[in-house]
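Structure record follows, encoded as structure tokens.
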Amino acid sequence: MYSWRKLREKLFTCLIIALSVLAIAPVLHIILTVFANGFAVIAKAGTSFFTDLPPTPLSKEVGGIAPSIAGTLLMTAISLPIAVTLGLFAAILTAEFPSNPLSLAVDAIAKSLASIPTIAVSMIVYTLVVVPMKSFSALAGAVALAVIALPYTYTYFSTALRSVPSVYREAAFAIAMSRWGAVVRVLIPVARKALTTGVLMTVARVMGETAALLFTAGRFRTGVSFSPTAPVDAIPLLIFDYILSPYTVWHQVAWGATALLLLAYLMVFLATKLIVKEVRL
Amino acid sequence: MSLTVAELEKLKGILIRMAQNIKGILQVTEKLMSVSDVEQRKMFWREIENTAAILDRIRREFVNEVLVFIARRQPLGRELLASHVLISIAYDVYRISRYCREIARIDSMLAPSSGLSTVANLSEAFREAEKAVEAALNDLIEFSPKRVGIVNEVDNRVDEAYKNVLLEVTSSTTVSREVAVKAIIMRHIERIVDHAQYIEQYLSELT
Amino acid sequence: MFAVEMNNVSVYIGDRQILKEVTLRIPYNTVFVIMGPSGSGKTTLLRVVNRLIDLVEGARVEGFVKVLNFDALRSDPYELRKYIGMVFQVPNPFPHLTIYENVAVAAKINGVAKSKRELDEVVKWALEKAMLWDEVKDRLYDYPHQLSGGQRQRLCLARALAMKPRLLLLDEPTANIDPVNARKLEEAIVSLKDEVTVVMVTHSPHQAARVADYVAVLYDGRVVEQGPAQQLFLRPSTEVAQKLLRGEI
């Protein structure tokens, strides 16, 4: 009896390990494949991968993806503050006034924004921003990204604020802090790790978003542009276009860009672990 | 019923049983004061001596029990007052037995030539004291000072008698042995009634 | 006259009536203990005093409450709370602030101290009064999670004291601490009488016996008996109070 139970236990443990490996294996495989193929390309191109323009379809040189990097950075820089600010205020609103009808409305809207397909967002922003401006632009791309990121920031921030035990809020009031003071000096600082994680998660989301930029950003690859009103490129867009093309050199560029994107994601995840000091309750 | 109250009831029971012994010792002392046969009196002296010693021991143990009760149960309110009352009444009961012992001692010193039975009116006074103590004991059993009136009355009468004896002593320059013995015994009797009164007083603190 | 006066105060949370026509008088510079079984409304009563009851969904307060010359129910709660310090049942020092900052923030917000030197003095004074100074003087810049539960509670007391309040509210402050720290806290509380009026809630009659000058017995939302502590602990006049002292309820 005794040894049969031990055997069963061991069997179960092995099963769990096997299934876990099975679940993680594809991800590991993807990461390894991307790095293997991508770093080869980057190594061949050297630092010019980050500064040169993309190659013509039949060239021998790999060139670079500078326009895409610039575009991604620009659009992230514009969309992130918008999404973070709006998300934070909405989260504070629903945390401080949970039963207010406005809070309930905000909560419902923010959550339902998440269920709009990203391609639909892209088309809506096309109609609302690109058409009046009569051109694609970084701004349009940023607006689309912000709309997509908003439900995420709202949910991350809202969860973060709700995870602060209410006893600290009570303590804040008990020492005669004003309502706003309690939010700024207690609620937000105690939740800072979760809030920062939320921001970094949003950065990752925004950096890798493709469908939203299809009809908004413009795919401007022939030069590096930092102007918000002019068309720009984005790394995911470049990967999307070049992978679908028949040119080998463009495939290589796409691998390199994917590796770069993946590297950026890994750095974001590392940052979430290291940047903000945890508040030990 | 909570543990505190249950334990307190148990302690009350012990005290009441201790107090019952007093009835016995008082009866023997009364007999001592009316009998002249030395052999009988010797028996009585021994009985009184033993009972008094036992009661002393019981009292010490009882006080210890009550202190342990207080430390363990940490009573408040009525139960705290009751603890104090139990310890105090135990002392009063013990003192009554001590006075009986003192009376027996004087009788033993008077023997064989004389005895308490030769002194006038002592038995009468002692019977009064017995009445008072019995009333107090009955009140103790019921834990309520219902008979405080009786005890006070007896106290007044015994006080009067004691004062008269003191007057006899203080009014002449020399005093006969009979008067001296009477004075001492009357004092003991008066103290016995005092302790009966104290018992009533403690019981009334609880109401 | 009295630090706190309550006249016919009733508190409803939703449909339930928690406090029923409570009338109380709390004299200045005493330790006033509110005693009663769990669920009798003691915490609610305390929270009416500094208007923390406002944070409870669906709470409604009726009656008249005077706290330190404020009409407590009609005044601005943020103004009222400047004069009232509170220590909660579960120690809740701010986890993102150091020990020093925890105490200092209370002083800064209420304008008790302005310069760094003044702040240092207030922090030292508050920690000494809470009997915590000796244990933390070498680690003022550690965080509360490095302290034991009892030390955290004393830190909360120091934080409340740093406001230099006129009234100190304590909600079962020793409920979640070990006995040694609980005694230290009680000693600290009794020593504060000269500077503040202390209102403490407890369900332990023995704790009340140790610290109280005045006691109010609360049962099922009503004040059943109130008066000087000595009187209540030797000769309670109601059966409810007697049962409470015995630990039967």
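The values are calculated or read from the model by the stated rules, or taken from the named source; none is laboratory data. Treat the numbers as computed from the prediction; the structure is a model and nothing was measured. Glycine gets a Cβ as well: all are built from the backbone with ideal geometry, and neighbour counts include every protein chain shown.
Considering only residues that are of a type in the set (D, E, K, R) and under 26 Å from C:Leu24 (Cβ atoms), which ones fall in the stretch C:60-114?
Taking the stretch C:60-114 as the starting set, the residues that turn out to be of a type in the set (D, E, K, R) are C:60, C:62, C:66, C:71, C:74, C:76, C:79, C:81-82, C:101, C:108, C:114.
Answer for the stretch C:60-114, where residues must be of a type in the set (D, E, K, R) and under 26 Å from C:Leu24 (Cβ atoms): C:Arg60, C:Glu62, C:Lys66, C:Asp71, C:Arg74, C:Asp76, C:Glu79, C:Arg81, C:Lys82.
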Name the residue that is farthest from C:Ala175 (Cα to Cα), counting only residues in the stretch C:72-122 that are surrounded by fewer than 23 Cβ atoms within 10 Å (Cβ to Cβ) and aromatic (Phe, Trp, Tyr). C:Tyr78
Quick one: which helices (runs of 4 or more DSSP H) lie wholly within the stretch C:149-249 and hold at least 3 residues that are among the basic types (Lys, Arg)? C:149-161
Sort out which residues of the stretch B:138-151 are outside any loop (DSSP other than H, G, I, E, B) and exposed (fewer than 15 other Cβ atoms within 10 Å of the Cβ), and write them in order of number. B:Asn138, B:Ile141, B:Glu142, B:Gly149
Looking only at the stretch C:38-51, count how many residues are under 17 Å from the mean Cα position of the chain (by Cα) and either surrounded by fewer than 17 Cβ atoms within 10 Å (Cβ to Cβ) or farther than 15 Å from C:Val199 by Cα (or both). 2
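Are there any strands (runs of 3 or more DSSP E) wholly within the stretch C:1-68 with 2 or more residues that are closer than 20 Å to C:Val217 by Cβ, away from chain A (no Cβ under 14 Å) and among the basic types (Lys, Arg), and if so which?
Correct list: C:16-27.
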Since A:Arg179 meets every condition but one in (1) within 14 Å of another protein chain (Cβ to nearest Cβ); (2) closer than 30 Å to A:Ala138 by Cβ; (3) not polar (S, T, N, Q), which condition does it not meet? (2)
Of the residues in the stretch C:213-236 that are within 14 Å of chain B (Cβ to nearest Cβ), touching a strand residue (DSSP E or B) at 6+ places or on another chain (Cβ under 6 Å) and within 19 Å of C:Ser40 (Cα to Cα), the one that is surrounded by the most Cβ atoms within 10 Å (Cβ to Cβ) is C:Leu232
Can you tell me which residues in the stretch B:55-113 are touching a residue at least 24 places away in the same chain (Cβ under 8 Å) and not in a helix (DSSP H, G or I)? B:Pro75, B:Ala111, B:Pro112
Within the stretch A:89-111, residues assigned to a helix (DSSP H, G or I), within 21 Å of A:Tyr168 (Cβ to Cβ) and of a type in the set (Gly, Ala, Ser) come out as A:Ala91, A:Ala95, A:Ser103
Look at B:Leu32 and say whether it is part of a helix (DSSP H, G or I), away from every other protein chain (no Cβ under 13 Å) and under 24 Å from C:Leu245 (Cα atoms). no
Among the residues of the stretch A:189-225, which ones are under 22 Å from the mean Cα position of the chain (by Cα) and within 14 Å of another protein chain (Cβ to nearest Cβ)? A:Ala191, A:Arg192, A:Lys193, A:Ala194, A:Leu195, A:Thr196
Given (1) within 13 Å of another protein chain (Cβ to nearest Cβ); (2) in contact with a helix residue (DSSP H, G or I) (Cβ under 9 Å, 6 or more places away or on another chain), where does C:Val240 come up short, assuming only one miss? (2)
Select from the stretch C:127-171 the residues that are away from every other protein chain (no Cβ under 14 Å) and of a type in the set (Asp, Glu) and write down the one among them that is farthest from C:Ile26 (Cα to Cα). C:Asp138
Checked A:Thr229, A:Thr272 against criteria (more than 14 Å from chain C (Cβ to nearest Cβ), modelled with pLDDT under 90, farther than 30 Å from A:Ser135 by Cβ and touching a Ser or Thr at 6+ places or on another chain (Cβ under 9 Å)); the one match is A:Thr272
Within the group C:Leu155, C:Leu167, C:Leu218, which residue is more than 30 Å from A:Val279 (Cβ to Cβ), over 12 Å from the mean Cα position of the chain (by Cα) and of a type in the set (A, V, I, L, M, F, W, C)? C:Leu218
Failed condition for C:Val122, given (1) under 19 Å from C:Leu169 (Cβ atoms); (2) without any contact (Cβ under 8 Å) to a residue 60 or more places away in the chain; (3) β-branched (Val, Ile, Thr), with all others met? (1)
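Rundown of residues vs (1) surrounded by fewer than 21 Cβ atoms within 10 Å (Cβ to Cβ); (2) of a type outside the set (A, V, I, L, M, F, W, C), yes/no style:
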{"position": "A:Met123", "(1), (2)": "yes, no"}
{"position": "A:Val129", "(1), (2)": "yes, no"}
{"position": "A:Phe136", "(1), (2)": "no, no"}
{"position": "A:Leu150", "(1), (2)": "no, no"}
{"position": "A:Thr155", "(1), (2)": "yes, yes"}
{"position": "A:Ser166", "(1), (2)": "yes, yes"}
{"position": "A:Ala172", "(1), (2)": "no, no"}
{"position": "A:Ile175", "(1), (2)": "no, no"}
Just name the residue that is farthest from the chain's Cα centre (by Cα) out of those in the stretch B:114-137 that are part of a loop (DSSP other than H, G, I, E, B) and not small (Gly, Ala, Ser). B:Val119
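Going by the conditions given, is C:Ile177 more than 23 Å from A:Arg280 (Cβ to Cβ) and either modelled with pLDDT of 90 or more or surrounded by 15 or more Cβ atoms within 10 Å (Cβ to Cβ) (or both)?
Spelling it out, it is not the case that C:Ile177 is more than 23 Å from A:Arg280 (Cβ to Cβ) and either modelled with pLDDT of 90 or more or surrounded by 15 or more Cβ atoms within 10 Å (Cβ to Cβ) (or both).
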The stretch B:1-27 residues that are without any contact (Cβ under 8 Å) to a residue 40 or more places away in the chain, paired with ones that are of a type in the set (Ser, Thr, Tyr) (beta carbon under 9 Å, 6 or more apart): B:Gly24/B:Thr51
